Number of protein chains: 4
Amino acid sequence: MQLGMIGLGRMGANLVRRLTNNGHSCVVYDVNAAAVNALTGQDIQHADSLDDFIAKLSRPRVVWVMVPAGVTGKTVSDLAALLSVDDTIIDGGNSYYRDDQVRAKTLKPHGIHYVDCGTSGGVFGLERGYCLMIGGEDGVIDRLDPIFRSIAPGVASAPRTAGREGEPAAEEHGYLHCGPAGAGHFVKMIHNGIEYGLMAAYAEGLNILKHADVGLRSRTQDAETTPLREPEAYQYHIDIAKVTEVWRRGSVISSWLLDLTAAALAGDSELEQFSGHVSDSGEGRWTTLAAVDEGVPAPVISAALFGRFESQGEADYADRILSAMRKQFGGHDEKQKSDS
Amino acid sequence: MQLGMIGLGRMGANLVRRLTNNGHSCVVYDVNAAAVNALTGQDIQHADSLDDFIAKLSRPRVVWVMVPAGVTGKTVSDLAALLSVDDTIIDGGNSYYRDDQVRAKTLKPHGIHYVDCGTSGGVFGLERGYCLMIGGEDGVIDRLDPIFRSIAPGVASAPRTAGREGEPAAEEHGYLHCGPAGAGHFVKMIHNGIEYGLMAAYAEGLNILKHADVGLRSRTQDAETTPLREPEAYQYHIDIAKVTEVWRRGSVISSWLLDLTAAALAGDSELEQFSGHVSDSGEGRWTTLAAVDEGVPAPVISAALFGRFESQGEADYADRILSAMRKQFGGHDEKQKSDS
Amino acid sequence: MQLGMIGLGRMGANLVRRLTNNGHSCVVYDVNAAAVNALTGQDIQHADSLDDFIAKLSRPRVVWVMVPAGVTGKTVSDLAALLSVDDTIIDGGNSYYRDDQVRAKTLKPHGIHYVDCGTSGGVFGLERGYCLMIGGEDGVIDRLDPIFRSIAPGVASAPRTAGREGEPAAEEHGYLHCGPAGAGHFVKMIHNGIEYGLMAAYAEGLNILKHADVGLRSRTQDAETTPLREPEAYQYHIDIAKVTEVWRRGSVISSWLLDLTAAALAGDSELEQFSGHVSDSGEGRWTTLAAVDEGVPAPVISAALFGRFESQGEADYADRILSAMRKQFGGHDEKQKSDS
Amino acid sequence: MQLGMIGLGRMGANLVRRLTNNGHSCVVYDVNAAAVNALTGQDIQHADSLDDFIAKLSRPRVVWVMVPAGVTGKTVSDLAALLSVDDTIIDGGNSYYRDDQVRAKTLKPHGIHYVDCGTSGGVFGLERGYCLMIGGEDGVIDRLDPIFRSIAPGVASAPRTAGREGEPAAEEHGYLHCGPAGAGHFVKMIHNGIEYGLMAAYAEGLNILKHADVGLRSRTQDAETTPLREPEAYQYHIDIAKVTEVWRRGSVISSWLLDLTAAALAGDSELEQFSGHVSDSGEGRWTTLAAVDEGVPAPVISAALFGRFESQGEADYADRILSAMRKQFGGHDEKQKSDS
């Protein structure tokens, strides 16, 4: 099939490569002409303007939008003004699913189809394939099936699940039509929310391992420091890089995130190149908002999210209030951060 | 009654003052002779050594130990070597209740009684009275009743609870025999665990209020910062000091801790004298350990405890692992702490 | 001053009583005529329809709306259609502050003032006074000052905060103009969020106390039950009702919520009349949403909220997934709920 | 090598099979004679008593203990009485690492070596291999290397980590000498703590997905139920079984636990065979205790643990207290659990 790609950052460019490697043809466009020119190959056609882009696509057109979240809305509306009845826009970025709901509704009277596609795979997706979570109308998604199948990792990328038989279903190839507009990004949002929780679970556990030597360290002796009751129980120097490696094989907690952690630690077990300021990127927040709206508990995912806020310094005023309270009721003078 | 007090820090000295103001007599001792000399008054007798201290007490002796947690064990065993059958040691500090269990068991064969007494009241206790949570043998606690009653705040310090009638019970005076050895410090431990949760609830809420202006601030625009979807909803400059004051009257969340918070903020609403390093002091940890041993959920108290650990910088390695993972799977470069 | 009150439930009726006891006059209306007729007193004038209600108020009219959250929007718009330039609507219920922002904006072109007033005090407010958190335009709030002052508890209801001098400020009377439209309900929302955290801290702590006897109970001995390592450390029968009473005097955690807890337990320490289904009422959710939007950690308040969702059975599917996972990897057969 | 195995449950029997398949010989014993007789094969020698077991092993003997946690201590001391200088006991079960520390210290004067070996792999280990986390003395562990290497999954079971070169290290085979006595079970404990967090992250996320239809359900309309503000945003019926399947390929959250979840849901997406009572098995508790002792935050792992306690009904008294408080301050009648 022919597909137009707008946005040739790492993700967009790799999708084009994966599609053309699989026999599809692509028209590509980016506001940055250098990105367009850098992406060459058989079956890749360059466009030098949005008009040129539209002109080079055959009807019914299929346009995949892969631009930063902040400009997706504008890109979709600019595109919509140029597209025709039965054309399709696929938003493959990390949009909030509520924006998808609005966009699909806005485009519907114009006969333009809107498909939201949550895309997971990160920097390894070109080789490994991307996991796709898709929302939109049934007929439109069916028509795009060859596209999605080519992007997805394919059945062979994991052993078949016990209990599944016969012709592999789409989800076994690594793509899934999750429901109407927004459903794809809803599922992707939850995917990322889970990712926050998984990451935090590993990080916490490794931090506890790292501190298994606390009984060997001389601790400050003052009224503001709780003494360790059994120092002899905490006298281990654990090699965190080796531990993450050993867990990769045969353990219950093996995972792709663990593979990445082992890789990060292989060369740099102290991670001193990092300051520990952990950004968050929307989906963790939205997952928590959804849990609250639905009235469903999410203590782990929200704790992971709040841990990131703390790493960003956002607990500071709360912490100063706690120190102020302690001074009031107990006359405790605060240990300065540098004392610790 | 006559009581011997070992340890004349703020708490010990104030207890002596409160007792002698209420008609009791005290023999006082501290390793720091200056502390002994500073505490004068009718019915206060100085001791210049532990032997002198013991000699000045009439049998059966009653000794209240009010020394730093780290030296309580040694003080109790030194005392025990000098005391006689039917004498009593009261540990009024913040001991771990398991130490009480051991000490009571060790002293029993010598006929020495051991009483643990959790004492709450902080720097305001001299005037306000101290809330006492007591563990030990029935007969011994009964005998000490006049001591405890004098230290406690008294019935008049709070309106009577609906449903309580007749002669006020001990707990309505502000002291309670909670059970056998260790029970007093067990209840005090939980008291402090609750305190951690209460403090954190106020601090979190006030922090959210403080950030109600987030829609007015210009936010960094980059791929690592989640945009605020509805900035118009967060354009309030809330005066936190005034809010804590208004909640003191008539609201559901009025409390003594809120009174203290309002006092702290009255003179310094930004609290810039504090760095936000919040110490923890044993009981919050022990409460969490007890919850885990008992198999009882304590998400709020443990979250409060872990928030203090984070303020102490103890999440740093975990945060660096998260940044390392994000770089691995998404190619995200970490924002430096100084960028935020 | 004259004030019209719409909504004569417990809160509305008590506000009218408190206002007329303090020299104000009220016109009262409710869709339930019986509620109108039940509320009698000097300076209380009945209305039998909305038109009648409007007609009986002198201009510029002041109308306090105290109806269930679900009908506030309709009540405000019905009222707006009948009011005139410079009239004021006060929403004293538990509205979401974003609704206030919209309502104030909608009414502005009509010259009608909108004031949001978060009202805390519960069933005790008639006697104790209500804590008021107010949002709206400066001039309008100033004009209504006598109303707010009469409803608030008054300076005498709490000892003055150290550091405050001179003529007591409004917040020391128990009411505060927090900012423009919505600010009152924003502060009330956070107030209730804090309340969730405080309540949960007490409940958790008391639950741990309740289980201090776990070492005395015979525990199931099976592969699915973790043995208690030190049963001798958990052999206390703590009287929870007495503990909550003793903490009311002199302790750091004394509070109004603790007073209420002691009252609830005084007559019924096992609380077997309750099933443990804990409802939540909007503000706890909204506080969590605000924290997430602002990027501020709220682990304690959210844990309290999620605990309520769990009590409502909303973790059930998640728990079944956990049991299914355990069966998969470890062959663990689930203990039935009735086995525990 | 020759190895003696005591305890022929699923794990013990599978270890023997895996060892003898790899050229080792085993002497096997179990208190249950049927278990002994059921385990046949070349290189498997039966023992009918502990004495017989010891007699059939060549010196220096190597005994692997794989019995339920509750009887490990007794088994080790019974064995020790029969063993000789330079013999080795390996505890391959889920012991608490502090017990290992004590056992190693107790055996040392007798010249008996003690090795603790955390073993992960569950019911799939026979085929997949077991991940081994080992504690003990250097020379002893070195001597046992062929045993551990045969049990571990082997290098080929996962792609090599980028940055690792040359001869694969032990950890790349799937076994690791973590440190002195107890270090193996310490690392296994943290492994399981992480597992709790991972499992909870998936379960929470899937629960939020499951409730994505909340806007389609008619909700109770009463004062005790928070209305859903935007029901149109929650109208998805998500097929949870398909979602877990699609995430297995190419997504950031693919893992072995996800594979198992997909398998569990493949046949039974509602999981109605489960009641949602989730047992916990020691390591999650111990991980939390270690975090608290070390002063390291563990909000995610502890939240996962506390969620299990809640599923076991252990929040009930806390929840009844919350209902009692709400009745006190707001006059709220509790919704019965059956109403929800």
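Please treat every number below as a calculation from the coordinates, not as lab data. Predicted model only: the values in this text are computed from it and were never measured. Virtual Cβ from ideal backbone geometry, glycine too; neighbours counted across all protein chains shown.
Values computed for the structure shown
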read-out: Length gained when the stretch A:Leu50-A:Asn37 is fully extended (0.36 nm per residue, less Cα-Cα span); value: 3.2 nm
read-out: Listed residue (D:Ala304, D:Gln273, D:Leu257) projecting farthest to the positive dipole end of region D:241-315, Cβ model; value: D:Leu257
read-out: Other-copy label distances relative to D:Asp145, 7 angstrom Cα-Cβ extension, nm; value: 5.5, 7.5, 8.7
read-out: Translational diffusion of region D:125-174, µm² s⁻¹ [Kirkwood Rh, Cα pairs; Stokes-Einstein; 25 °C; 0.890 mPa s]; value: 208 µm²/s
read-out: Calculated on alpha-carbon atoms, Rg and Dmax of region C:20-95 in Å; value: 12.3, 32
read-out: Debye-sum result for region A:88-157 in log10 I(q)/I(0), which assumes one identical scatterer on each alpha carbon, at q = 0.17 Å⁻¹; value: -0.64
read-out: DSSP-defined beta bridges in chain C - what % are antiparallel, rounded to 5; value: 20 percent
read-out: All-pairs Cα distance distribution in region B:262-309, expressed in whole percent, bin size 5 Å; value: 5, 18, 21, 14, 14, 13, 8, 5, 2
read-out: Fewest-first sequence of A:Ser25, D:Ser84 by Cβ atoms within 10 Å of each Cβ; value: D:Ser84, A:Ser25
read-out: Least to most buried among B:Thr161, C:Thr287 (fewest other Cβ within 10 Å first); value: B:Thr161, C:Thr287
read-out: Karplus 3J(HN,Hα) series, Hz, for region C:167-177 with 6.51 cos²θ - 1.76 cosθ + 1.60 (x for Gly, Pro); value: 4, x, 6, 3, 4, 6, 7, x, 9, 8, 7
read-out: Copy-to-copy label separations for C:Asn21, where each label sits 7 Å from Cα toward Cβ, in nm and ascending; value: 3.4, 7.8, 8.1
read-out: Values of log10 I(q)/I(0), in the order q = 0.29 Å⁻¹, for region D:64-108 under a Debye, Cα-only, solvent-free model; value: -1.25
read-out: Sequence-distant residues sharing a close amide H with D:Gly4 (under 5 Å, placed H); value: D:Val27, D:Val62, D:Val63, D:Trp64
read-out: Projected-area mean, region B:153-300, by convex hull of Cα positions, square nanometres; value: 14.2 nm²
read-out: q = 0.11, 0.24 Å⁻¹: log10 I(q)/I(0) that the Debye formula gives for region C:218-322, counting C-alpha atoms only; value: -0.63, -1.16
read-out: Convex hull projection area averaged over all views, the protein assembly as shown, Cα basis, nm²; value: 54.4 nm²
read-out: Average Cα contact separation per residue, chain B, under 8 Å, 6 or more apart, as relative contact order %; value: 11 percent
read-out: In region A:270-337, the GluC sites (Glu not before Pro) that fall in loop regions by DSSP, at most 15 other Cβ within 10 Å; value: A:Glu270, A:Glu272
read-out: DSSP bridge pairs, region A:85-196: antiparallel proportion in percent, nearest 5; value: 40 percent
read-out: Directionally averaged projected area (convex hull, Cα atoms, chain D), nm²; value: 23.0 nm²
read-out: Across the identical copies, how the D:Pro159 labels are spaced - nm, sorted shortest first, 7 Å along Cα→Cβ; value: 1.8, 6.8, 7.0
read-out: Whole-angstrom Cα spans of region B:1-144 along principal axes, big to small; value: 37, 30, 29
read-out: Sum of -39500 (n - 2.57) over DSSP H runs of 4+, divided by residues of chain C (222 nm, nearest 500); value: -14000 deg cm²/dmol
read-out: Student exercise, the protein assembly as shown dipole from Lys, Arg, Asp, Glu Cβ charges, in Debye to nearest 20; value: 0 debye
